[in-house]
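This report concerns only the one structure given below.
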């Protein structure tokens, strides 16, 4: 059911995309089937050719997956959305669908570690080159453009230092050169930031994170104009990095509480960031909601709040950072984020561990850095848990 896009995000997150079956169910149905039966050979041929709309095979058409796609597209203000098996498969599908051998990409040095590996190590084997530039240096993005440049790829805020890219400024540069702009909106989600409203061409998600919100399933998505998402769909149909119907059903449930969760988690993250900034064992806090953040004013214009990710450096190095991690009894030591349960990780040895020391240095990720993805626990309990390790430094 397509709702009027004038409805608020809260309403769209709960109601958009539901198509009731003959049983007229209230909650979205879960279609666990590999294929769909046709009324005739002619209908089968029409469905496979695309002449007739309808479900064919769950690798590329499934009602539950379609409901998730429609709902997320509505939240992002996108014309269409293609769901994938994970966040990384969404990025892979995007690049493979829209870039060809000989094309060039400009991306941020502050990208998630696996994204850097994909763009910097794997895609060159297929003739797609990437130049990495500083996230916040608009002039560097402009200077990196080559005749073959096809796309700007950025994630803002960045993982884990929460650097903010000026989306509108980069869109202005890219548009003048005929370059696409794709934004990984994982940290903010459409609740806190809508890149398409700022002129971006495409939005990418790891739905595994805040969209699910409870650490249950993997998923990804690419949203934008149908002209572009159709190309992503063609790649998915053939290559098969498909979101399962069950995972789509779980993600639909996650979207229903996304706004409530993210607003609460962001408020708690702000409290924790303020506490960490005053702690004698903490050297620096990275959180866009703090006036001390280098892009604080940009974040205020571009985002509705600072989000739920807080990173900080301890006074010391790896030994001291690991001491804080190992002392925690409440925070979950895991690299996932966006969960209702607060998580803690040491990026240099986990999420960005496969990067070279030079790459980590360029991204500003030292051995003294820790990243917290704030959940829904009481902030005082998170502080008490962190204090055990921090006070021992």
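The values are calculated or read from the model by the stated rules, or taken from the named source; none is laboratory data. Given the structure is predicted, the values throughout are model-derived calculations rather than measurements. Every residue, glycine as well, gets a Cβ built from its backbone with ideal geometry; the counts of neighbours run over all protein chains shown.
List of remarks:
- When the test is whether a residue is in contact (Cβ under 8 Å) with a residue 12 or more places away in the chain, farther than 17 Å from residue 179 by Cβ and either in contact with a helix residue (DSSP H, G or I) (Cβ under 8 Å, 6 or more places away or on another chain) or crowded, with 18+ Cβ neighbours inside 10 Å (or both), residue 144 does not pass it.
- None of 180, 170, 198 is touching a helix residue (DSSP H, G or I) at 6+ places or on another chain (Cβ under 9 Å), touching a residue at least 60 places away in the same chain (Cβ under 8 Å) and crowded, with 20+ Cβ neighbours inside 10 Å except 180.
- Residues in the stretch 30-54 that are in a loop (DSSP other than H, G, I, E, B) and without any contact (Cβ under 8 Å) to a residue 40 or more places away in the chain: 34, 36, 37, 38, 39, 40, 50, 51, 52, 53, 54.
- Among the residues of the stretch 176-190, those that are assigned to a helix (DSSP H, G or I) and within 30 Å of residue 219 (Cα to Cα) comprise 189, 190.
- Of all residues in the stretch 224-237, one or more are assigned to a loop (DSSP other than H, G, I, E, B) and modelled with pLDDT of 95 or more.
- Looking only at the stretch 347-393, residues that are more than 27 Å from residue 267 (Cβ to Cβ) and free of Cβ contacts under 8 Å to residues at least 12 places away in the same chain come to 4 in all.
- Flag if residue 154 is within 30 Å of residue 366 (Cα to Cα) and touching a residue at least 24 places away in the same chain (Cβ under 8 Å): yes
- Note on the stretch 86-108: residues that are touching a strand residue (DSSP E or B) at 6+ places or on another chain (Cβ under 6 Å), surrounded by fewer than 22 Cβ atoms within 10 Å (Cβ to Cβ) and either within 30 Å of residue 369 (Cα to Cα) or without any contact (Cβ under 8 Å) to a residue 24 or more places away in the chain (or both) total 1.
- One residue stands out in the stretch 286-295 among those that are surrounded by 16 or more Cβ atoms within 10 Å (Cβ to Cβ) and without any contact (Cβ under 8 Å) to a residue 60 or more places away in the chain: the one that is farthest from the chain's Cα centre (by Cα), namely 290.
- Residue in the stretch 309-332 that is more than 23 Å from residue 270 (Cα to Cα) and within 23 Å of the chain's Cα centre (by Cα) present: no
- Scan the stretch 242-257 for residues that are outside any helix (DSSP H, G or I) and surrounded by fewer than 20 Cβ atoms within 10 Å (Cβ to Cβ) and the total you get is 2.
- Any hit, the stretch 310-333, residues being out of contact with any strand residue (DSSP E or B) (no Cβ under 8 Å at 6 or more places or on another chain) and either surrounded by 20 or more Cβ atoms within 10 Å (Cβ to Cβ) or within 18 Å of residue 113 (Cβ to Cβ) (or both): yes
- Helices (runs of 4 or more DSSP H) wholly inside the stretch 278-393 containing at least 2 residues that are in contact with a helix residue (DSSP H, G or I) (Cβ under 7 Å, 6 or more places away or on another chain): 318-327, 357-362, 379-390
- Condition check for residue 263: in contact (Cβ under 8 Å) with a residue 24 or more places away in the chain, surrounded by fewer than 16 Cβ atoms within 10 Å (Cβ to Cβ) and either in the same structural domain as residue 161 (by TED's automatic domain parsing) or within 22 Å of the chain's Cα centre (by Cα) (or both): yes
- The selection criterion, being farther than 26 Å from residue 145 by Cα and either in contact with a strand residue (DSSP E or B) (Cβ under 7 Å, 6 or more places away or on another chain) or in a helix (DSSP H, G or I) (or both), holds for residue 260.
- Any hit, the stretch 30-42, residues being in contact with a helix residue (DSSP H, G or I) (Cβ under 7 Å, 6 or more places away or on another chain), more than 20 Å from residue 253 (Cα to Cα) and surrounded by 16 or more Cβ atoms within 10 Å (Cβ to Cβ): yes
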